[in-house]
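Here the structure comes first, spelled out in C-alpha cells, and everything after it is commentary.
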Amino acid sequence: MSAIPAPSTLPAPRTAAPGTRRRTSTVGGRSRVGSGPRSTRTLTLTVAPAATPLAARRAPFVAVVLLLVGLGLVTLLVLNTAIAADSFTRRALSQDIDQLQLREQQLQLEVAAAQAPTALARAAAGQGMIPAGQPGFLVIHPDGTTEIVGGATPAARPASRSAPPRQPQPPAPPPGGAQGDPPPGGQQPADPADPADPADPAAPGGTG
Amino acid sequence: MTAAPRRPSRPARSRPRGRPLRLSDPHRRMRVALTVVLVLLVVVGGRLVQLQGLDGPRYATAAEQLRLTTIELQAARGAILDRNGNPLAYTVQARAIFADPEMIASPGRTALAVAPLLGLTPDEIQEKIAVGGRFVYLDRALDPEIAQQVMDLRLPGIGVLDEQRREYPATSTAAQVVGFVDSDNIGLAGVEDSFNDVLTGTPGELVYERGQYGLPIPAATQSRTEAVPGSTVRLTLDQDLQYQVERAIAVANDERGVSTVQMVVLDTRTGQVLAMAGSPGYDAANPGAVPELLGNPTVSNVIEPGSVNKMITFAAALDRGLITPETEMTVPDHLAIPGSTISDAWGHAPVTWTALGVLAESSNVGTVMLARRVGAPSLDEYLRRFGLGTATGIELPAESGGILPPMPEWSGSQTDTIPFGQGISMTVLQMASMYQAVANDGVLVPPRIIEQVIGPDGGVLPQAPAEARRVVSPETAAELQHMLEAVTSDEGTGPLMRIDGYRVAGKTGTAQRPNPDGGGYAGGGYWATFAGFAPADDPRYVIAISIEQPDGSQHGGIIAAPAFTSVMSYLLQDNGVTPSGTQAPEFRFTADDE
C-alpha cells in the first residue's frame with residue numbers, strides 16, 4: 001500500500017459517523033432509505049461514553065458462572081462425600097445387624113437345646129425331680145361325697161440320691177420347733193435332707 | 001540495481017536442462033491435504049461409529065461384566081416342627097473355612113495357627129493342605145464366631161464361605177422320623193428326604209459393581225433377587241410323647257437285653273402318628289456310622305404279628321354275622337393242619353369257650369376253627385380291608401406294605417396260620433393302624449405324619465388328606481372293642497396292661513420270628529407284640545408295640561406291659577383325658593360263666 005493517506009479519510013470519522021449509522025440502519029430495512037434525509041435532520045450528536053472494555057462488561061457474568069460452577073462442584077463433592085459416608089455407615093450398620101442376627105441365632109440355639117425333652121429331663125433329674133406316677137382323681141358326687149378314682153401312688157425315689165448342688169440353697173427350716181410341723185405353706189418340695197420314708201402316704205388316697 | 005539484470009538469468013539457466021519450472025498450485029496442495037485429512041477423518045469417524053455405535057453396547061457390557069459380581073444368596077432350608085411348633089430341625093448360618101494350597105507358603109505354620117481354632121490337630125490340617133490344587137475345605141459347618149477368629153489371623157491362602165448348617169435341637173428325639181441331610185443340605189432320610197423339595201428354597205442373587213477393593217460401588221448398578229426360603233413342615237408328632245416312647249424303648253432294651261423294639265402311637269380319631277420309634281436306630285450325631293440302620297424300623301421293617309392278628313379273624317366272623325361274642329365253641333388244645341399240628345400255648349382239655357373267651361385267652365386252635373368257618377376268601381378280604389399287604393401311604397421314605405401273598409397262593413398251612421398271625425408280616429405302623437380302625441368304630445383313617453406344610457409367606461399349603469374308609473360295621477367294631485377289653489381283665493392275657501382309672505382294650509401276641517439266617521423259624525427267637533387302645537369306653541389313643549424276645553418264655557402281655565402302660569398313662573394325663581367313669585363289664589369267657 002502507498003504511504004500517502006487520502007486527505008478525505010481523516011475527517012471521515014467525525015463527519016461520517018451519522019452517515020455510517022444511517023447506512024447501517026438501511027441495511028436492516030430498505031424502507032428507511034427514503035426517510036434518510038429526515039433522520040439526518042433530527043439526529044443529534046452526543047459524546048459517546050467511554051467504551052467499557054469487553055472484559056469488564058462480561059465480568060459479572062463470568063463471576064456468576066464461576067460461582068455456579070464452584071457451587072456445583074462443592075455440592076457434588078459434598079453429595080459424593082455424603083454418599084460415601086452413608087455407604088460406610090450402612091456397611092457398619094449391616095455388619096452390626098449381621099452380628100446381632102448371629103447372636104440371636106446363637107441364643108435361639110441355646111433355648112432350643114435347653115427345651116429339648118432330653119435336656120429338660122436331665123435338668124429335672126439334676127434338680128432331684130422324678131417322673132410322676134399315675135395321679136388319683138377325686139370325683140365329687142352331687143350329694144357331696146367324694147370318691148377317689150385311680151390309684152395315686154407316690155413316685156419311687158430315684159436309686160442314686162446325689163444331692164443336686166442347687167438344692168441346699170433354700171433355707172432349711174429352723175431346727176427348733178419345726179420337727180413335727182409340716183413346712184409352712186407346704187410349698188417346699190420334698191426336702192432331700194429330710195430322711196422321711198418316701199412311701200409315707202402323704203398323697204391322698206394312696207391305695208396303690 | 002546490479003542484481004536486477006541477473007534475476008531473469010536464473011530461469012534461463014535452468015530451462016536449458018529441459019525441466020520446465022512448474023510452480024506448485026497451492027490450492028491443489030490444499031485440496032490434496034484436505035482430501036487426505038478427510039479420508040483420515042472418515043476412517044477415524046467410521047471406526048468411532050463402529051466402536052461406539054455398532055459394537056458399543058457389547059464393549060460396554062464387557063466392561064461392566066468386569067466390574068459386576070454376582071453373589072448367590074442362599075435360601076434357608078425350611079424347618080421341621082412337631083405338632084406344637086417345637087423345632088425338630090432347622091437351619092442356621094454357618095461358615096466353611098477353605099484353603100488355597102498354592103497360596104500357602106508354609107503349611108506347617110498355617111496348620112499350627114488354624115488347628116486349635118478348628119479343633120483339629122495340625123497334622124490333620126496339613127494333610128488337607130497337602131492335597132494341593134486351588135481349593136480344599138479345612139472345616140465346614142462352623143460357628144460364625146470361630147470363622148471370624150480364623151479370618152482375624154489374616155493368613156494368606158485361608159478363606160471363608162457362607163453356608164448353612166442343619167440343627168437338630170432335640171438330638172436323638174424323633175431322629176428316625178426327621179432324618180438328616182448331607183453336607184450340602186440335601187435330605188437323605190426321613191422327612192428330610194421325603195419332603196426335600198418342599199424344604200429346599202430357591203436361592204436368590206445379588207449383582208453389584210465391584211470397586212477396586214471388592215466393595216460395592218455406591219449408587220452403581222445393583223440388582224438383588226431375594227432368596228425364597230423353603231417351606232416349613234409341621235409333623236403330627238408330639239416331641240414330649242416321642243421322648244417318652246423312646247425312653248420306654250430304651251428301658252425295654254435295657255431290661256430285656258434285646259436290641260429290637262418298635263412302638264407306634266396313633267390318634268384314634270384322626271389316624272395321626274403321635275410318636276413312632278424303633279431300635280436299633282442310628283446315632284443322630286453320626287448317622288452314617290452303620291449304613292443298614294439308617295431307616296425307620298416302624299415303617300420299613302416287617303414282623304409276624306402273632307396273636308395280635310387274631311383280631312381280624314374275629315372281625316371277619318363278627319362282620320359276616322357268623323358269630324357273636326357269646327357264641328360258644330368247644331376247643332381242644334391242638335388241631336391238625338396240612339403238614340403240621342397247631343396247638344395252644346398251654347395244654348388243656350377241650351373247653352367250651354365263648355368267642356370272647358377264645359380271643360381273650362388267645363387260643364390258636366379256637367381261632368383256626370373260627371377262620372375255617374369264615375373261609376380263606378373272606379379272611380383275605382378282611383385282612384386287606386384292614387390295610388395289610390399294602391403300604392399305608394404315610395409320608396415317609398422306604399415304607400413297606402408287609403407281606404401278604406395273594407389268597408390263591410396261600411399254602412395249605414398258611415390258610416391256617418394267617419388267622420393267628422404267622423405266615424403273614426406287617427409293619428408295626430400297620431399293626432397300629434388296624435387297631436385304630438377298631439377303636440374308631442370301624443373307620444380306618446390311614447396314618448399320616450405331616451400335619452401341615454407352611455409356605456415361606458406363612459400360608460398353609462393344602463395337603464391331600466388321607467381317605468378314611470369303613471372297614472367293619474360300627475356294631476362289629478363295638479363288639480370287638482368289648483372283646484378286646486376282656487383281654488386286659490384278670491382272666492385275659494393282658495391284665496398288666498391296665499391303667500388305674502382308665503379302661504384299656506387290646507390284644508397281646510407272641511410270634512415266632514423267622515430265623516434271619518434262613519431255614520424256617522428254628523432259632524429265630526420270638527416277637528412279643530401288643531396293640532391296644534384306651535380309654536376302652538371312648539378310645540383316644542392306639543399304641544402298637546413289638547419287642548424282640550430271644551426265648552419266648554414270656555408273652556407280649558408281660559413283656560410289652562411296662563412300655564405300654566408308661567406311655568399310655570403319660571398320654572392320658574398329658575392330654576387331660578378324663579378317667580373312665582365306668583368299670584369294665586363282666587365278661588363271659590366260657591359256657592360255664594354267667
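Tabulated data
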item: Residue in segment B:314-327 that is under 28 Å from B:GLN436 (Cβ atoms) and among the polar types (S, T, N, Q) present; result: yes
item: All positions within segment B:186-205 that are of a type in the set (A, V, I, L, M, F, W, C) and open to solvent by less than 30 Å² (accessible area, probe 1.4 Å); result: B:ALA189, B:VAL191, B:PHE195, B:LEU199
item: Looking only at segment B:497-518, and only at residues there that are open to solvent by 10 Å² or more (accessible area, probe 1.4 Å) and away from every other protein chain (no Cβ under 14 Å), the one that is modelled with the lowest pLDDT; result: B:GLY518
item: Residues satisfying the stated conditions in segment B:218-255, i.e. open to solvent by less than 40 Å² (accessible area, probe 1.4 Å) and part of a loop (DSSP other than H, G, I, E, B); result: B:ALA220, B:ALA227, B:GLY230, B:SER231, B:THR236, B:LEU237, B:ASP238
item: Single residue of segment B:265-296 satisfying the filter (touching a Ser or Thr at 6+ places or on another chain (Cβ under 9 Å) and farther than 30 Å from B:ARG165 by Cα) that is surrounded by the fewest Cβ atoms within 10 Å (Cβ to Cβ); result: B:THR270
item: Filter result for B:TYR208 (outside any loop (DSSP other than H, G, I, E, B), within 14 Å of another protein chain (Cβ to nearest Cβ), under 30 Å from A:GLN95 (Cα atoms) and among the hydroxyl-bearing types (Ser, Thr, Tyr)); result: yes
item: Selection within segment B:54-70 - under 23 Å from B:THR225 (Cβ atoms) and either within 14 Å of chain A (Cβ to nearest Cβ) or open to solvent by less than 40 Å² (accessible area, probe 1.4 Å) (or both); result: B:LEU68, B:THR69
item: Close pairs from segment B:166-185: first away from chain A (no Cβ under 11 Å) and on the phi > 0 side of the Ramachandran plot, partner open to solvent by 20 Å² or more (accessible area, probe 1.4 Å) and assigned to a helix (DSSP H, G or I), Cβ under 9 Å, at least 6 apart; result: B:GLY179/B:ASP193; B:GLY179/B:SER194
item: The listed residue being over 30 Å from B:VAL264 (Cα atoms), open to solvent by 30 Å² or more (accessible area, probe 1.4 Å), within 14 Å of chain A (Cβ to nearest Cβ) and over 15 Å from the mean Cα position of the chain (by Cα), out of B:LEU215, B:LEU161; result: B:LEU215
item: Subset of segment B:116-125 (residues that are more than 30 Å from A:LEU100 (Cα to Cα) and surrounded by 16 or more Cβ atoms within 10 Å (Cβ to Cβ)); result: B:PRO122, B:ILE125
item: Total residues in segment A:109-131, condition polar (S, T, N, Q) and more than 8 Å from chain B (Cβ to nearest Cβ); result: 1
item: Residue that is modelled with pLDDT of 90 or more and under 30 Å from B:ALA275 (Cα atoms), where the choices are A:LEU107, A:LEU68; result: A:LEU107
item: Scope segment B:223-248; condition within 14 Å of chain A (Cβ to nearest Cβ) and not small (Gly, Ala, Ser); matching residues; result: B:ARG224, B:LEU237, B:ASP238, B:GLN239, B:ASP240, B:LEU241, B:GLN242, B:TYR243, B:GLN244, B:VAL245, B:GLU246, B:ARG247
item: Filter result (surrounded by 15 or more Cβ atoms within 10 Å (Cβ to Cβ) and within 12 Å of B:ALA591 (Cα to Cα)) within segment B:338-362; result: B:VAL351, B:TRP353, B:THR354, B:ALA355, B:LEU356, B:GLY357, B:VAL358
item: Out of B:GLU226, B:GLU205, sole residue that is more than 30 Å from B:ARG83 (Cα to Cα) and charged (D, E, K, R); result: B:GLU205
item: Flag for B:VAL299 being open to solvent by 10 Å² or more (accessible area, probe 1.4 Å), out of contact with any strand residue (DSSP E or B) (no Cβ under 7 Å at 6 or more places or on another chain) and among the aliphatic types (A, V, I, L, M); result: no
item: Pick from segment B:558-588, criterion exposed (fewer than 15 other Cβ atoms within 10 Å of the Cβ) and either in contact with a Lys or Arg (Cβ under 6 Å, 6 or more places away or on another chain) or of a type in the set (Gly, Ala, Ser) (or both), ranking: farthest from the other protein chains (Cβ to nearest Cβ); result: B:GLY576
item: Test set (1) in contact with a strand residue (DSSP E or B) (Cβ under 8 Å, 6 or more places away or on another chain); (2) under 27 Å from A:ASP96 (Cα atoms); (3) away from chain A (no Cβ under 14 Å) - B:ILE129 fails condition number; result: (2)
item: Some residue of segment B:190-202 being touching a Pro at 6+ places or on another chain (Cβ under 8 Å) and within 23 Å of B:ILE71 (Cβ to Cβ); result: yes
item: Enumerated strands (runs of 3 or more DSSP E) restricted to segment B:275-349, each holding at least 3 residues that are under 22 Å from B:SER473 (Cβ atoms) and touching a Leu at 6+ places or on another chain (Cβ under 7 Å); result: none
item: The listed residue being outside any helix (DSSP H, G or I), within 8 Å of chain B (Cβ to nearest Cβ) and either among the charged types (D, E, K, R) or without any contact (Cβ under 8 Å) to a residue 60 or more places away in the chain (or both), out of A:GLN101, A:GLN134; result: A:GLN134
item: Among (1) open to solvent by 10 Å² or more (accessible area, probe 1.4 Å); (2) of a type in the set (Phe, Trp, Tyr); (3) more than 14 Å from every other protein chain (Cβ to nearest Cβ), the one test that B:PHE314 misses; result: (1)
item: Test: B:LEU370 is in a helix (DSSP H, G or I) and farther than 18 Å from B:GLY423 by Cα; result: no
item: Failed item in (1) touching a strand residue (DSSP E or B) at 6+ places or on another chain (Cβ under 7 Å); (2) hydrophobic (A, V, I, L, M, F, W, C); (3) away from chain A (no Cβ under 14 Å), with B:LEU48 passing the rest; result: (1)
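Results for (1) over 22 Å from B:ILE71 (Cβ atoms); (2) open to solvent by 20 Å² or more (accessible area, probe 1.4 Å); (3) not basic (Lys, Arg), shown as yes or no for each residue.
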residue	(1), (2), (3)
B:ARG109	yes, yes, no
B:GLY133	yes, yes, yes
B:ASP143	no, yes, yes
B:LEU153	yes, yes, yes
B:PRO156	yes, yes, yes
B:SER172	yes, yes, yes
B:ASP184	no, yes, yes
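The values are calculated or read from the model by the stated rules, or taken from the named source; none is laboratory data. Just so we're clear, the structure is a prediction, and the values are computed from it rather than from any experiment. Note that each Cβ is placed from the backbone with ideal geometry, even for glycine, and that neighbours are counted across all protein chains shown. Areas reflect the complete protein model, heavy atoms only, side chains present, ligands, DNA and RNA absent. Shrake-Rupley method; radii C 1.70, N 1.55, O 1.52, S 1.80 Å.
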